[in-house]
Structure formats: C-alpha cells, structure tokens
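Throughout, read-outs are computed from the coordinates displayed, never taken from laboratory work. What you are looking at is a predicted structure, and each value in this text was computed from that prediction instead of being measured. Here the Cβ is made from the backbone with ideal geometry for all residues, glycine too, and neighbour counts use every protein chain on show.
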Amino acid sequence: MNPQLYEIQQKRAALLAQIATQREEINRIAHQWKKPLGAIDQGLSAVRWLRSHPLAWLGLAGLFLLRKNGVVGVFMSVWRGWKFYQRAKGLVNKARRA
C-alpha cells in the first residue's frame, strides 16, 4: 500500500475516534443542562402567557392582596392608591399651569 495513503487512513481513523469522544462529551454536557434549560423554557412560556393575558396580572395581584390583607386590606389599598393618584394628578396639573 502507498505510504501516503496509509498515513492518511491512520489520521482519518484518529480523527474519527476524536469525533466520537467529542460527541459523547457533548451528549453528557447537554444531558446536564437539560433540566435547568427546561425550567427556563417553562418560565419564559409563563411570561409570554402573562404578557398575552394582562387581566391575569390583576387576578394574581388580587389573590396576593387577599391572602396578605383580607378583603378590608384590599379595599384600603385600593383607596390609598386612588387617593395617591388624585394627589399626583393635581400636582401634575398645577405644575403644568405654572
């Protein structure tokens, strides 16, 4: 057999063995990252869903407030928010006139 051809075949065999080793390493690394990336993917899906359903934010906020303060606490939070809005609106209007 031609010595150059034999050398090429030896290099090819060595490269194929190296490729198989690298492929196994990539599979091992990918398997380690599968669970964390899956969790991130689920989180992104939840964010996309919440962006497409803005009223869900109100529901989540309401549940959080009900759990934390009860019905009276929710009413008081809404009342304080409304009063703050009215004062801020008055200050902005006053600043615009000046």
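Both radii were evaluated on the Cα set of the chain; the Rg over Rh quotient, with Rh as the Kirkwood radius, amounts to 1.55.
Each of Pro36, Leu15, Phe84 was scored by the projection of its Cα onto the charge dipole of the chain, and the greatest displacement toward the positive side belongs to Phe84; charges sit on the C-beta of Lys, Arg, Asp and Glu. One decimal place: the segment Arg97-His31 gains 17.4 nm when fully extended, by the rule 0.36 nm per residue minus the C-alpha distance.
As a check on your grasp of the helix formula, calculate [θ] at 222 nm for the chain: sum -39500 (n - 2.57) over DSSP H runs of n ≥ 4, divide by the residue count, round to the nearest 500.
-35500 deg cm²/dmol
Whole-Hz Karplus values for region 21-29 come out as 5, 5, 5, 5, 5, 4, 4, 5, 5 Hz, taken residue by residue from phi with 6.51 cos²θ - 1.76 cosθ + 1.60 and θ = phi - 60°; glycine and proline positions read x. Highest GNM mean-square fluctuation among Gly43, Gly59, Gly81, for the chain modelled with Cα contacts below 10 Å: Gly81.
Every pair of different Cα atoms in region 46-98 enters the Kirkwood calculation, which places the hydrodynamic radius at 13.3 Å.
Principal-axis analysis of the Cα atoms of the chain puts helix 55-97 at an angle of about 70° to the longest axis.
In debye to the nearest 20, how big a dipole does region 1-52 give about its Cα centre with +1 on each Lys and Arg Cβ and -1 on each Asp and Glu Cβ? List each step's numbers first, then the result.
Details: 8 positive and 4 negative charges, 55 e Å.
Roughly 260 debye for region 1-52.
With R₀ set to 35 Å, the beta-carbon distance separating Met1 from Arg23 gives a calculated FRET efficiency near 0.75. Modelled this way, with points 7 Å down the Cα-to-C-beta line, the labels at Arg12 and His53 are 5.8 nm from one another. Karplus-derived 3J(HN,Hα) values for region 31-42, using 6.51 cos²θ - 1.76 cosθ + 1.60 with θ = phi - 60°, are 5, 5, 8, 4, 5, x, 5, x, 5, 5, 4, 5 Hz; glycine and proline are entered as x.
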